[in-house]
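**Student:** Shown below is the structure under consideration.
The values are calculated or read from the model by the stated rules, or taken from the named source; none is laboratory data. Computed from a predicted structure; not experimentally measured. All Cβ positions, even for glycine, are placed from backbone atoms using ideal geometry, and neighbour counts span all protein chains on display. Calculation scope for accessible area: heavy atoms of the full protein, side chains included, ligands and nucleic acids excluded. Shrake-Rupley method; radii C 1.70, N 1.55, O 1.52, S 1.80 Å.
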Amino acid sequence: MSTNNSKQPVSPAAGLLSNTTCQMEEELSISFSITFMTVGILSNSLAIAILMKAYQRFRQKYKSSFLLLASALVITDFFGHLINGAIAVFVYASDKDWIHFDKSNVLCSIFGICMVFSGLCPLFLGSVMAIERCIGVTQPIFHSTKITSKHVKMMLSGVCFFAVFVALLPILGHRDYKIQASKTWCFYKTDHIKDWEDRFYLLLFSFLGLLALGISFFCNAITGISLLRVKFKSQQHRQGRSHHFEMVIQLLGIMCVSCVCWSPFLVTMASIGMNRQDFMGACERTLFTLRMATWNQILDPWVYILLRKAVLKSLYTFTRRCCGVHIISLHVWELSSIKNSLKVAAISESPVTEKSAST
């Protein structure tokens, strides 16, 4: 490798840096990036503290599995925001001169890997949480006896390893992550795509993200319908559903935030991958959708901060006082043990058990 006095640096970034940058990016200052990163770190830190405290309080299986997955999601958001935010601030502080500080493209590769991992992993975890709650509500006995803490940790490890594998695919295929036209972030190659492999990475990222959102929507719909059906069917057994409703409300919040924040970016990357639009012509739109996606890491923790049972109870009380109408009985929010939950499940499933025994 030649390190001598070449005035033209040998850098993977050299080809792209000569292109026109997005005007929208010039309006942002380094102070905005620092503020954005700080708010994200503080929000995620607060959510981690709340979730870990709740995990220590509720050791029952049906609650601890959900809290373990939720904690992993918020921790992933935290480190994604910290690493990506720190690199972005460094790039701004260095006047986006990639040729000077990243001649070997190492920093860009790290940035790209973190972008893909911190994007896909929370979406995967959100879908796993939706599946776990769907099984917990529709098959409570199976969930309490078969889905142990060990199984949840194995699923968590599998999700993380798969997200890492997808993020490392370009490196394993001897492809570099590319500096984007704005010179402020790195991702898969998005301009002048002629190779099927570059197109494949974009389509794979979009497909996996949209698939995770679809699974979350489907499982949350089944869970919500099942809970409402049981509520209207059996009014005498309400204790076992208090935490189910709280977790489903949080899941719906996570799903809505993820859909609003991530869908535009995923669809944009899919459009670029299918050559439906030219990246350089849609640079400002892509930057806008990217910023929407990064807001997901700030809004996710606030779902757990605001949609807790204590906060919802206070909101209910406030609404009731304002409206003067008794809408929902506070008896729904009473704490219940795993025994009560299993008792309700056994009562609801007893007719099916008797029929199978008689046959």
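**Student:** So, residue 88, is that one of a type in the set (Gly, Ala, Ser), open to solvent by 40 Å² or more (accessible area, probe 1.4 Å) and either modelled with pLDDT of 85 or more or under 19 Å from the mean Cα position of the chain (by Cα) (or both) or not? So that I can check it myself, show each step before the final result.
**Tutor:** Working: of a type in the set (Gly, Ala, Ser): yes; open to solvent by 40 Å² or more (accessible area, probe 1.4 Å): no; either modelled with pLDDT of 85 or more or under 19 Å from the mean Cα position of the chain (by Cα) (or both): yes.
So residue 88 fails the test.
**Student:** Across region 181-201, which residue is surrounded by the most Cβ atoms within 10 Å (Cβ to Cβ) among those that are within 25 Å of the chain's Cα centre (by Cα) and aromatic (Phe, Trp, Tyr)?
**Tutor:** The residue in question is 188.
**Student:** Restricting the search to region 23-57, which residues are open to solvent by less than 30 Å² (accessible area, probe 1.4 Å) and modelled with pLDDT of 60 or more? Quick ask: steps written out before the conclusion?
**Tutor:** Quick first cut of region 23-57, residues open to solvent by less than 30 Å² (accessible area, probe 1.4 Å) only: 25, 33, 40, 43-44, 47, 51, 54.
Residues satisfying the conditions are 33, 40, 43, 44, 47, 51, 54.
**Student:** Follow-up. Could you tell me which residue of region 167-180 is modelled with the lowest pLDDT, considering only residues that are crowded, with 22+ Cβ neighbours inside 10 Å and part of a loop (DSSP other than H, G, I, E, B)?
**Tutor:** Only one residue fits best here, namely 180.
**Student:** Continuing with this model, one more query. Determine whether region 121-129 contains at least one residue that is open to solvent by 30 Å² or more (accessible area, probe 1.4 Å), outside any loop (DSSP other than H, G, I, E, B) and on the phi < 0 side of the Ramachandran plot. Step through it out loud before you land on a result.
**Tutor:** Pass one, region 121-129, residues open to solvent by 30 Å² or more (accessible area, probe 1.4 Å): none.
No, because not a single residue in region 121-129 is open to solvent by 30 Å² or more (accessible area, probe 1.4 Å), outside any loop (DSSP other than H, G, I, E, B) and on the phi < 0 side of the Ramachandran plot.
**Student:** Does residue 159 qualify as being open to solvent by 50 Å² or more (accessible area, probe 1.4 Å) and modelled with pLDDT of 85 or more?
**Tutor:** Values: open to solvent by 50 Å² or more (accessible area, probe 1.4 Å): no; modelled with pLDDT of 85 or more: yes.
Criteria not met by residue 159.
**Student:** Here's something else I'd like to know. Quickly run through region 133-154 and pick out the residues that are in contact with a helix residue (DSSP H, G or I) (Cβ under 6 Å, 6 or more places away or on another chain) and touching a residue at least 24 places away in the same chain (Cβ under 8 Å).
**Tutor:** Within region 133-154, the first condition is being in contact with a helix residue (DSSP H, G or I) (Cβ under 6 Å, 6 or more places away or on another chain), and the residues that meet it are 133-138, 140-141, 143-144, 152.
Once the filter is applied, which keeps residues that are in contact with a helix residue (DSSP H, G or I) (Cβ under 6 Å, 6 or more places away or on another chain) and touching a residue at least 24 places away in the same chain (Cβ under 8 Å), region 133-154 yields 133, 134, 136, 137, 138, 140, 141, 143, 144, 152.
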